[in-house]
There are 2 protein chains.
Amino acid sequence: MAIGTSPLARKLSAFVKLSASELVVLERLHERRKSFSAGRDLVHQGQSEQAAYILAAGWVVSYKIQPDGSRQIVDFQIPGDFLGLRSVLLHTSDHGIEPIVDIEAAEVLVSDLLRAFAETPRLATAILWAVSRDEAMVVEHLVGLGRRDADARMAHFLLELGARLSLVGMGSRQSYPCPLTQYHLADALGLSAIHVNRVLRKLREDGLVTFRDGVVVFDDYEGLVALADFDPAYLDHARPLLP
Amino acid sequence: MAIGTSPLARKLSAFVKLSASELVVLERLHERRKSFSAGRDLVHQGQSEQAAYILAAGWVVSYKIQPDGSRQIVDFQIPGDFLGLRSVLLHTSDHGIEPIVDIEAAEVLVSDLLRAFAETPRLATAILWAVSRDEAMVVEHLVGLGRRDADARMAHFLLELGARLSLVGMGSRQSYPCPLTQYHLADALGLSAIHVNRVLRKLREDGLVTFRDGVVVFDDYEGLVALADFDPAYLDHARPLLP
DNA sequence: CGGATGTTTGAAACGCTTCAATTCGGGTGG
DNA sequence: CCACCCGAATTGAAGCGTTTCAAACATCCG
């Protein structure tokens, strides 16, 4: 792949302007490429982990299984996102990680990261930003579950996903491909799959957004933003990170 | 204060055995002590921040205000917890931080942290663990909002808080003092204050837990653990963090 | 004593879940 | 090539958990 075109490079570039040499270091992190099949857990809940990954292609879901068998999805990962970084740092994983489709991911050892950071401190800063952004997304997700009704929750989710995908060149303000099932949405949004179906129908009939045949189409972007009170600042705000 | 008796030292000691010299470095982080009054925001939502704090005494709430005026509490901080650490790293804050009672907190600059880490790498490891634990708590909170009913949610919350307080010597398996109002609980658990009241009554009448006059009393600890499916592993598990 | 803050209770309304059943499309084996 | 099957999407009806509205009560504090 050409330098600077990996999803991660695109994502970080939205935050800091990376130099050519920094981009080279970044691409080198993508060297140990691996493939994984859909549905086969990358990390089992409770397992301790040794490597993290940078997702290069495909979609992944991070989830937590309850003792009663129900599942809460913590977040979805798309190309350019890290997988299992926290698990590596903590040497334990409190959640499972499963590819939704067949994926490509680059294995990253802690030593790789440390070496990269030593070479380019600005890269360390950018990656710290990425990790913190992940945390901010979890918090926003928490707010959604606690204080938004089903419609606004769905609207916010679809908008956030669209914004994330746009940042890595996989979507636009008009539409994006999305391999998630209504069961995925239900487990992420804390709803029943039946109700997800009804909510999607309502949003479609209201002319706001259409999710069909694996594609999300924004019929009325502004209207959807208003319904969800969506403020994308936490996804791509470009502020100075460290002095 | 005597060496090694700060709440933070107690908390970290549950994870790694800190040497005498490491404890000294840790106590030195507590030097710039400050007081703040209840109800006056430490950090406003949207404000960019310059300093983090280690909470020494009192309770603090981190929250997010919705455009419609409703509030979602992300977490409560108790002595030994960091305040605004992520805000400092990101140079922005997406949430507010407010003392619930009058508090004492030690100001910590990024430079202080970096110096401490340079002196004792093990301390850096321990603090990294603390930060990751905070994140794990947010995830657990997310699961509660998404997949637990009001009773289990309340039970889980009271148990987690009890476990956290025990770790810093402010509670036990029998009871702990707790200055939160039912409105705090409502905003944290994504419920209405009215329903919080009913849930508390039910748990009390079922002989599980009593929250009254600022004190939480566990009437049937095991029963409450069963109701909540509470597994405290993520709060104090003592595993090797880094090789 | 008055007022603010927090707790408690009742009744009605609503949002979402659960159960039950049908439809649709894609893949597979006969 | 078609019958079959399975996962996913869809719809209806009943039920329950939680919210909302309204109001009383208790406690602390100036």
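The values are calculated or read from the model by the stated rules, or taken from the named source; none is laboratory data. Predicted, not measured: the structure shown is a model, and the values here were computed from it. So basically every Cβ, Gly included, is an ideal-geometry build from the backbone, and we count neighbours across all protein chains shown.
When each of A:Asp231, A:Asp219 is tested for being surrounded by fewer than 19 Cβ atoms within 10 Å (Cβ to Cβ), at pLDDT 95 or above and among the acidic types (Asp, Glu), the lone residue that passes is A:Asp219.
Checking every residue in segment A:77-93 against the condition of being surrounded by fewer than 22 Cβ atoms within 10 Å (Cβ to Cβ), within 26 Å of B:Asp229 (Cβ to Cβ) and more than 12 Å from chain B (Cβ to nearest Cβ) gives zero matches. Every listed requirement among (1) within 11 Å of chain A (Cβ to nearest Cβ); (2) surrounded by 18 or more Cβ atoms within 10 Å (Cβ to Cβ) is met by B:Glu160 save one, (1). Just for strands (runs of 3 or more DSSP E) wholly inside segment A:1-67: which have at least 1 residues that are of a type in the set (Val, Ile, Thr) and buried (at least 20 other Cβ atoms within 10 Å of the Cβ)? Fully inside segment A:1-67 and qualifying: A:52-57, A:60-65. Only strands (runs of 3 or more DSSP E) whose full extent lies in segment A:169-238 are considered here, and the ones with at least 1 residues that are more than 11 Å from DNA strand D (Cβ to nearest atom) and either small (Gly, Ala, Ser) or assigned by TED's automatic domain parsing to the domain that holds A:Ile78 (or both) are A:175-177. Scanning segment B:77-121 for residues that are among the acidic types (Asp, Glu) and outside any strand (DSSP E or B) yields B:Asp81, B:Asp94, B:Asp102, B:Asp112, B:Glu119. Does B:Phe36 meet the test of being within 24 Å of B:Phe157 (Cβ to Cβ) and aromatic (Phe, Trp, Tyr)? Answer is no for this residue. Set side by side, the residues A:Ala56, A:Ala52, A:Ala38 differ, and just one is at pLDDT 95 or above and not assigned by TED's automatic domain parsing to the domain that holds A:Ala163, which is A:Ala56. For residues that are of a type in the set (Lys, Arg) and in contact with a strand residue (DSSP E or B) (Cβ under 9 Å, 6 or more places away or on another chain), tally how many sit in segment A:195-217. Of the residues in segment A:195-217, 1 are of a type in the set (Lys, Arg) and in contact with a strand residue (DSSP E or B) (Cβ under 9 Å, 6 or more places away or on another chain).
Results for (1) surrounded by fewer than 17 Cβ atoms within 10 Å (Cβ to Cβ); (2) free of Cβ contacts under 8 Å to residues at least 24 places away in the same chain; (3) within 16 Å of DNA strand C (Cβ to nearest atom), shown as yes or no for each residue.
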| residue | (1), (2), (3) |
| --- | --- |
| A:Thr125 | no, no, no |
| A:Ser166 | no, yes, no |
| A:Asp187 | no, no, yes |
| A:Asn197 | yes, yes, yes |
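Is there a residue being touching a residue at least 40 places away in the same chain (Cβ under 8 Å), assigned to a helix (DSSP H, G or I) and more than 11 Å from chain A (Cβ to nearest Cβ) anywhere in segment B:131-151? The answer is yes, given that some residue of segment B:131-151 is touching a residue at least 40 places away in the same chain (Cβ under 8 Å), assigned to a helix (DSSP H, G or I) and more than 11 Å from chain A (Cβ to nearest Cβ).
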